[in-house]
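*Asks:* I'd like to ask you about the structure that follows.
Taken together, the values in this text are just the output of simple stated rules run on the coordinates, not laboratory data. Every value quoted in this text rests on a predicted model; they were computed, and no experiment measured them. Cβ sites come from the backbone with ideal geometry, for glycine too, and all protein chains shown count toward neighbours.
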Amino acid sequence: MSNKLIDNMINNGYTAIINCVDKTIIKEAQENINHTLKKLLVSKKKSVSKDLNTNLSNCIKIWSIYEIQVLAAKNLYQNDIIYKILRSKKILDFLTSLIGPDLEYSTDGELNINVKGVTDEYLLKKYHQELWSGVGLSSVQVWIPIYLKPGMGTMEMIKESHTWGHIPHRDRQPIELPAKYSTEVTKIGEGSIIAMSPLTLHRTVQNKHPEARIAIPFHVRNIYYPKLGNENLHEYSKLNLSYYSKFRKILGNPYLSPFRTISSKRKKNLFDRVKIKNKV
Ligand SMILES: O=C(O)CCC(=O)C(=O)O
Ligand SMILES: [Fe+2]
């Protein structure tokens, strides 16, 4: 794997990973979100469209954007769609080189739905560090656009801000920034993602497109790294295990019970949960 992406993380505090997710998985994610929206509309006996944006506009009339963001994200996680995206070769290779092979990802986040003209700072986020929201230093923040057309806006990043430490802040915005800094509006589309450190300052770029931009942010961590943030309060799902972790699972317990499975008649493959899960 090229070290360019790791160099970007070290030098700039973030990187884009271009064309790393198969378009069919992004389509599956869009359909899954549309399915959630349709279910919401049907539950209130409202008419349903084929089009995601029409369904979203109608849902927003009934539910708060926050409720929609939480429910739609929950379904993406439950259907292993985020798992499939993160298991894309380029992404898994990148994360493994960056923080090691023993990985888990947070599964209790919400979508970011960004509609044109929105001013609510919860949706149009000002410059912030994820550290402020309890993401530990060794975690990696990942941002996956799921519905992103040109003009919908992405994220604007402050280069090298990850080297500035914990930026003083109040009410979710910095109270002090250096006199000079350089920024970049990331240029990515569907099928690409952004990864950044929890100290990298970033903000939402306004959506100028009539349709809503949909993205999902969450964090990935090495299961053996110390929890330096609010990790205890989050829910995680395993993404990948090293030889050492798989070996520990085979042994079954940390006491290394002798001959625990020595004459077992059980077929090993029968209990391979990942293989069973992948069958449907
Ligand atoms: O989607 C956005 O506008 C902001 C996302 C963000 O702040 C993040 O991914 O951490
Ligand atoms: Fe953020």
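*Asks:* For the chain, modelled as a GNM with alpha-carbon contacts under 10 angstrom, which of Gln141, Gln129, Gln173 fluctuates the most?
*Replies:* Its mean-square fluctuation being the largest, the pick is Gln173.
*Asks:* Projected onto the charge dipole of segment 144-280 (+1 at Lys/Arg Cβ, -1 at Asp/Glu Cβ, origin at the Cα centre), which of His169, Ala212, Asn230 gives the Cα projection farthest towards the positive end?
*Replies:* Asn230
*Asks:* Multiplying the sequence separation of Tyr225 and Lys46 by 0.36 nm and subtracting their Cα-Cα distance, what value in nm do you get?
*Replies:* Result for the pair: 59.7 nm of gain on full extension.
*Asks:* Please compute the length gained on full extension between Ile60 and Lys208, using 0.36 nm multiplied by the number of residues separating them and subtracting their Cα-Cα distance.
*Replies:* Computed gain between Ile60 and Lys208 is 51.4 nm.
*Asks:* Run the quick spin-label model on Glu160 and Gln173: label points 7 Å from Cα toward the beta carbon, then report their separation in nm to one decimal.
*Replies:* Those two pseudo-labels are separated by 2.5 nm.
*Asks:* Per DSSP H run of at least 4 residues, take -39500 (n - 2.57); add these up for the chain, divide by its residues and hand me the 222 nm value, nearest 500 deg cm²/dmol.
*Replies:* Using -39500 (n - 2.57) per qualifying helix, the result is -9000 deg cm²/dmol.
*Asks:* What's the magnitude of the charge dipole for the chain around its Cα centre, counting Lys and Arg as +1 and Asp and Glu as -1 at the beta-carbon? Answer in Debye, nearest 20. Display every interim value, and only then the final one.
*Replies:* Details: 42 positive and 25 negative charges, 283 e Å.
Approximately 1360 debye in magnitude.
*Asks:* Next question, about the same structure. Which pairs in the list Lys89/Lys275; Lys4/Lys275; Lys27/Lys90; Lys116/Lys159; Lys4/Lys187 are over 28 Å apart, alpha-carbon to alpha-carbon?
*Replies:* Cα-Cα > 28 Å for Lys4/Lys275; rest within.
*Asks:* A follow-up question, please. Compute log10 of I(q)/I(0) for segment 16-161 with the Debye formula, placing one identical point scatterer on every Cα and leaving out solvent, at q = 0.12, 0.19 Å⁻¹, to two decimals.
*Replies:* -0.58, -1.40
*Asks:* Run the numbers on segment 143-262 and let me know its relative contact order in percent, using alpha-carbon pairs under 8 Å that are six or more apart.
*Replies:* Relative CO of segment 143-262 lands at 36 percent.
*Asks:* Set the Förster distance to 30 Å, then compute FRET efficiency between Ser97 and Leu256 from the Cβ-Cβ distance, nearest 0.05.
*Replies:* 0.45
*Asks:* May I pose another question? How far apart, in nanometres, would the label points at Lys265 and Thr119 be if each is projected 7 angstrom from Cα along the Cα-to-Cβ direction?
*Replies:* 7.4
*Asks:* Let me ask something else about it. Would you be so kind as to identify all helices of the chain, as entire DSSP H runs, whose Cα atoms reach 18 Å or more along the helix's own axis and whose mean Kyte-Doolittle hydropathy is at least 0.5?
*Replies:* none
*Asks:* Then there is this: For segment 4-242, what does the relative contact order come out to in percent, with C-alpha contacts under 8 Å and a separation of six or more?
*Replies:* 32
*Asks:* Exactly which GluC sites (Glu not before Pro) in segment 187-280 are in a DSSP loop and have at most 14 other Cβ atoms within 10 Å?
*Replies:* For GluC sites (Glu not before Pro) across segment 187-280 that sit outside H, G, I, E and B with at most 14 neighbouring Cβ atoms in 10 Å, the list reads Glu235.
*Asks:* What residue among Lys159, Lys265, Lys45 has the largest mean-square fluctuation in a Gaussian network model of the chain, using Cα springs under 10 Å?
*Replies:* Most flexible of the set in this elastic network: Lys265.
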